[in-house]
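Right, one structure below, let's go through it.
The values are calculated or read from the model by the stated rules, or taken from the named source; none is laboratory data. Not measured: the values here are computed from a predicted model. Note that we place each Cβ from the backbone using ideal geometry, even for glycine, and neighbour counts take in every protein chain shown.
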Amino acid sequence: MAKSKGDSELNLREVRPEECGIAGKSQSGQLIKKIQLLLQKFQILNFMLVGGIGYALNMAVYWPLTLVFKNNVTFLGQQFYLPPFLISSLLAIFCNYELNRIWTFKGWKEQKFGGGRYLIMALATLMIDILFLFILVQFFKLPPVPAAALAILIVFIIRYTIARSWVWSKR
C-alpha cells in the first residue's frame, strides 16, 4: 500500500501475529505492534513511561520517609517534607538515568560526559521541584505528598527538553 500525505506506518501496515511473537492472537498482536511503533515514533512517550516508573518509585519511597522524618527531624522550622523528597528524588534520578540510557535513548549517542550532564540536569530540575514543593505546601497549603507529586509533574517537560538536547544526541 502506498503511503500518502498524512499517513504513517502505524495505520498503513498490516501486522502479522507472528511478527510480535503472538501466534493466533491477531488483535492483541496488532495492538502490541502499534504500541511499539508509537513508542518508537514518539520518544517522549518512552520518556514519560520511564518518568512514570521513577515517579512511582519516588512516591513509594517519599511517603514512608515523610512519616519517619516528621517525628524525628526538624528542617527549616517544621518543613520535614523536604529532606525525604531530596532522598527519594535522588533514588528516582539514578533509576531514570539507567532506564533512559538503555531504552528511551537507545541508539542515540550520549554527549561527552553524558552521565555527568544528566546528573547536573537532574539536580538543577530537582531544585525547581523542591521550590515548587515548598510553594505548594507553604502558600497553597497542600499536603506534602500530593504537593510533591504535582511538583514532579510540573517540571517533567523541562527535564525531557534538557535531556534530549543536552545529554543525548542522534547518531
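Are any of the residues in segment 24-40 assigned to a loop (DSSP other than H, G, I, E, B), over 26 Å from TYR160 (Cβ atoms) and modelled with pLDDT under 90? Yes: segment 24-40 contains one or more residues that are assigned to a loop (DSSP other than H, G, I, E, B), over 26 Å from TYR160 (Cβ atoms) and modelled with pLDDT under 90. When segment 115-137 is filtered for residues that are of a type outside the set (A, V, I, L, M, F, W, C), farther than 12 Å from ILE158 by Cα and buried (at least 18 other Cβ atoms within 10 Å of the Cβ), only TYR118 remains.
When you scan segment 72-171 for helices (runs of 4 or more DSSP H) that lie fully inside it, which ones turn up with 3 or more residues that are closer than 18 Å to ILE44 by Cβ and of a type in the set (A, V, I, L, M)?
Per the criteria, 144-162.
Please go through segment 92-122 and pick out each residue that is touching a residue at least 12 places away in the same chain (Cβ under 8 Å) and hydrophobic (A, V, I, L, M, F, W, C). If the condition is that a residue be touching a residue at least 12 places away in the same chain (Cβ under 8 Å) and hydrophobic (A, V, I, L, M, F, W, C), then ALA92, ILE93, CYS95, LEU99, TRP103, PHE105, TRP108, LEU119, MET121, ALA122 are the ones that fit.
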